[in-house]
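Visitor: Starting off with a structure, shown below.
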Amino acid sequence: ELTHPTPPIPSRSNDMDAADAAPAVVFDQAALDKLRELDPEGRRGFVEQVFRAFEASLQRHLERLGPADGAVPEPKLAAEVAHTLKSSSAAVGAVDLAERCGRLERVAKGVDHGDIVPALGAMRSEGERVLQAVRAMLKA
């Protein structure tokens, strides 16, 4: 169970991790602070509840997209999943995931020109990274 203060969650940064050239952090600190303000003492376990719900939703929606073996879901499904995850990711401070979901949604709907495969791959990759970070945070 998460207690107040919640386990340290890194803030978003422009620093790049040399190993994989990906942002070294996952969650935006300002968004996390807003969540914590809703349960400042941590007595209700609000932040933990939010992240448990987000973990389940993220896992379920990534599975809806099918295996990450190059298979591409129907554009309508990809757009629905991306739209849902865009909002929830932004709410918990997973800004990079929200941005990648937005891109996938626009490509899947034909608003942005481009191939769905790279947008889908970027969203899946970041989704898995966020999922791992959430699970690590909940275990802490």
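Visitor: Of all residues being open to solvent by 10 Å² or more (accessible area, probe 1.4 Å) and in contact (Cβ under 8 Å) with a residue 40 or more places away in the chain in the stretch 77-120, which is farthest from Pro67 (Cα to Cα)? Just the residue, please.
Guide: The residue in question is Ala91.
Visitor: Follow-up question, since we're still on this one. For the structure I just gave you, tell me whether Arg64 is surrounded by fewer than 20 Cβ atoms within 10 Å (Cβ to Cβ), out of contact with any Gly (no Cβ under 6 Å at 6 or more places or on another chain) and not small (Gly, Ala, Ser).
Guide: Considered against the rule, which asks whether it is surrounded by fewer than 20 Cβ atoms within 10 Å (Cβ to Cβ), out of contact with any Gly (no Cβ under 6 Å at 6 or more places or on another chain) and not small (Gly, Ala, Ser), Arg64 comes out as yes.
Visitor: Report every pair of residues separated by at least 6 positions or lying on different chains whose Cβ atoms are under 6 Å apart, first residue within the stretch 26-40 and touching a residue at least 60 places away in the same chain (Cβ under 8 Å) and in a loop (DSSP other than H, G, I, E, B), second open to solvent by 60 Å² or more (accessible area, probe 1.4 Å) and not small (Gly, Ala, Ser).
Guide: Asp28/Arg12
The values are calculated or read from the model by the stated rules, or taken from the named source; none is laboratory data. Please read these numbers as outputs of a predicted model, since none were measured by experiment. When we count neighbours, we look across all protein chains shown, and the Cβ atoms used for this are built from the backbone with ideal geometry, even at glycine. To get the accessible areas, we keep the full protein, side chains included, count just its heavy atoms, and leave off ligands, DNA and RNA. Shrake-Rupley method; radii C 1.70, N 1.55, O 1.52, S 1.80 Å.
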